[in-house]
1. How are the C-alpha pair distances of the stretch 7-229 spread across 10 Å bins, as whole percents from the shortest bin up?
2. Averaging sequence separations of C-alpha pairs under 8 Å and six or more residues apart, then dividing by the length of the stretch 7-229, give the relative contact order as a whole percent.
3. Find, to one decimal place in angstroms, the Kirkwood hydrodynamic radius of the stretch 111-150, where the mean of 1/r is taken over every pair of different Cα atoms and then inverted.
4. In whole Å, largest first, what are the principal axis extents of the Cα atoms in the stretch 165-233?
5. What does the helix-only formula give at 222 nm for the chain: each DSSP H stretch with n ≥ 4 adding -39500 (n - 2.57), the total divided by the residues, and the result rounded to the nearest 500 deg cm²/dmol?
6. Once all Cα-Cα distances of the stretch 1-69 are split into 10 Å bins that start at 0, what whole-number percent is in each one?
7. Cα extents of the stretch 1-119 along the three principal axes, largest first, in whole Å?
8. So which DSSP H runs in the chain come out at 20 Å plus along the axis (Cα) with average Kyte-Doolittle of at least 1.6?
Amino acid sequence: MTKTKDLINLKGINYSVNNKFFFKDLSANISTNGITMILGPNGSGKSLLTKIIKGLIKPHNGQLSIRLNGKIPNTGYLSQNITFLRRDVFNNLAYPMEIKGYDKELINKRVIFLLKYFGFLGKEKISARKLSEGNKQYLSFIRTLVNRPNLLILDEPSSNLDMEFTKRIERYLIKEKQNLKVIMVTHDLFQAKRLADEILFMNEGKIIEISKKYNFLQSKNKLVQKFLEGSLF
């Protein structure tokens, strides 16, 4: 039996917004290993691209193919639009496992482990909806890990976080990237430099460049150079 090749491939993706094509014949091969950071000015299509990769938005045409370890991946996804159930912190984390039918003992062990690991133990009985904006975002990140994904798609996961929470997330991603493919949008070039193995750069609905971090930082592309200089907004 031939093993299915691992890939994250977009081919000829077209998607329109307000009857105007925003993505037109968008194609890319994204690395299946390590951390891919998506960069670009505001409105370039970064969040939209993650929603297409996650399958939340269906393009008008084109092909999206994703295989990790020869299978459709188990995906964890963090949106900028955070929503919680009318439950406490513990039960918001437990819910993704409950709907998959895990038993209570396993759910309890997994949730307590994550709360301890990320320094959130002691807040499990607080209503998730009453947390601060930063704590909500941090909890939402933790929730993406509950079902042990092997693909993690993150849309600016640390935009509202203090440095301590940001460091904890970054340490986790670096530690786990051998077992976990990460695709992450950030507006923070310094964060991209800290985390990226690969950088995908977008502008006005186009993928301008996708390359290893070192090559990207040495790019000869004029748009990339403007972005790195801070003069492309």
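Every number here is computed from the coordinates shown, using simple stated rules; none is lab data. On a predicted model such as this, the values are computed, not experimentally measured, just so you know. When we count neighbours, we look across all protein chains shown, and the Cβ atoms used for this are built from the backbone with ideal geometry, even at glycine.
1. Per 10 Å bin, starting at zero, the Cα-Cα P(r) for the stretch 7-229 comes out as 8, 32, 35, 20, 6, 0 percent.
2. 30 percent
3. 10.5 Å
4. The Cα atoms of the stretch 165-233 stretch 34, 22, 22 Å along their principal axes.
5. For the chain, the value works out to -10000 deg cm²/dmol.
6. 18, 51, 25, 6, 1
7. So the three principal-axis extents are 48, 44, 24 Å.
8. Both cut-offs are met by no helix.
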